[in-house]
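Structure record follows, encoded as structure tokens.
The values are calculated or read from the model by the stated rules, or taken from the named source; none is laboratory data. Everything quoted here is computed from the prediction, not taken from an experiment. Note that each Cβ is placed from the backbone with ideal geometry, even for glycine, and that neighbours are counted across all protein chains shown. Side chains are part of the model used for accessible areas, which takes the heavy atoms of the whole protein and leaves out ligands, DNA and RNA. Shrake-Rupley method; radii C 1.70, N 1.55, O 1.52, S 1.80 Å.
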Amino acid sequence: MTTSVTSHINVNAVNKIFSTADKEVIALRDINLEIPEGQFVCLLGPSGCGKSTLLNAIAGFSLPTSGTIIANGKTVSDPGPDRGMVFQEYALFPWMTVEKNIAFGLEIKGLKQAEIAQRVSNLLQMLGLSEFRQRYPKDLSGGMRQRVAIARVLALDSPIMLMDEPFGALDALTRRNLQDELLRIWADLKKTIIFVTHSIEEAIYLADRIIVMTYRPGTVKKDIVLDLPRLRDPSSAAFNALKRELGQLVMEEQQRHHDDELKLAAID
Ligand code: ADP
Ligand code: MG
């Protein structure tokens, strides 16, 4: 009998508490999510609302204090090749060329050289990197580096891609280009994507579903499914209506963040 593996993600009653010498921070409280295979989900919220904490828990880098996460049919207990992570700060090996960076995970996996070469060549092409294959990361622009980071995750063919503000450091034009490429790749390869951003516009441009988080403790404030056809037009009425709605929700949380900082300042 064959069992089909899906990349469905289940987050069940997840709490995460960080304990430091003088205080405890409840970073996540009672998070429950069901993410079907192939969905493009954006986690949206201001800084400090637990987006990275939730993503890291799904990645298996830092486990929940309580609750469970099931990814791809298995309870998450550590990082795994079924969940690829793309960070804001690229995380490439500086001493390796573009093609070596992309090939690295495949070599670890022990694939045959001919197959590695074929896959790397396909990915270089898919991400418009063929001309840059021999370059080192320091000789690439931010946008190109982020393409390499995406190619590296795609090389492993992870059914789940976790992306933590991956385009946050890029200029507007490069960012839009990479958003479009990511949408194209996602449509072609049918990955499940969880994409963290604090940009409302980015979330509306990309997502099937937007999960707005509250500021400390991080909870699900709103879970919205989008039915706008792609490619979406940021100047359209529907886009802007959603932008106003989400803007209001995010602003409430930003205000709570601000009030919190004022309280802390008053204690100092
Ligand atoms: P976001 O990614 O939404 O900006 P984070 O997930 O990074 O938020 O952080 C959520 C909260 O947890 C913040 O208040 C942050 O200060 C706290 N936090 C995150 N990581 C740690 C840690 N390793 N130790 C203590 N507190 C942490
Ligand atoms: Mg973060």
Legend entry - the range 234-257 - residue that is over 18 Å from Gln179 (Cβ atoms) and among the charged types (D, E, K, R) and, of those, surrounded by the most Cβ atoms within 10 Å (Cβ to Cβ): Glu253
Legend entry - Enumeration of residues in the range 167-197 that are part of a loop (DSSP other than H, G, I, E, B) and either more than 16 Å from ligand 1 (Cβ to nearest atom) or of a type in the set (Phe, Trp, Tyr) (or both): Phe167, Leu170, Asp171, Lys190, Lys191
Inset, instruction - Kindly indicate whether any position in the range 172-195 is in contact with a helix residue (DSSP H, G or I) (Cβ under 7 Å, 6 or more places away or on another chain), farther than 29 Å from Glu37 by Cβ and of a type in the set (A, V, I, L, M). - result: no
Inset, instruction - For Tyr136, work out the one condition from (1) open to solvent by 70 Å² or more (accessible area, probe 1.4 Å); (2) within 30 Å of Ile204 (Cα to Cα) it doesn't fulfil. - result: (2)
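Yes/no per residue for (1) in a strand (DSSP E or B); (2) exposed (fewer than 14 other Cβ atoms within 10 Å of the Cβ); (3) of a type in the set (Phe, Trp, Tyr); (4) at pLDDT 95 or above:
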residue	(1), (2), (3), (4)
Ala21	no, yes, no, no
Ala27	yes, no, no, yes
Leu33	yes, no, no, yes
Val41	yes, no, no, yes
Ser47	no, yes, no, no
Thr53	no, no, no, yes
Asp78	no, yes, no, yes
Met96	no, no, no, yes
Glu99	no, no, no, yes
Inset, instruction - Tell me which residues, restricted to the range 141-166, are touching a residue at least 60 places away in the same chain (Cβ under 8 Å) and either within 16 Å of ligand 1 (Cβ to nearest atom) or open to solvent by less than 10 Å² (accessible area, probe 1.4 Å) (or both). - result: Gln146, Ala149, Ile150, Ser158, Ile160, Met161, Leu162, Met163, Asp164, Glu165, Pro166
Legend entry - Residue selected from the range 200-233 under the condition in contact with a Lys or Arg (Cβ under 8 Å, 6 or more places away or on another chain) and in a loop (DSSP other than H, G, I, E, B), by the criterion surrounded by the fewest Cβ atoms within 10 Å (Cβ to Cβ): Thr219
Legend entry - Subset of the range 55-76 (residues that are part of a loop (DSSP other than H, G, I, E, B) and either within 12 Å of ligand 1 (Cβ to nearest atom) or under 14 Å from Ile31 (Cα atoms) (or both)): Phe61, Ser62, Leu63, Pro64, Thr65
Legend entry - the range 55-76 - residue that is among the polar types (S, T, N, Q) and more than 24 Å from Arg152 (Cα to Cα) and, of those, surrounded by the most Cβ atoms within 10 Å (Cβ to Cβ): Thr65
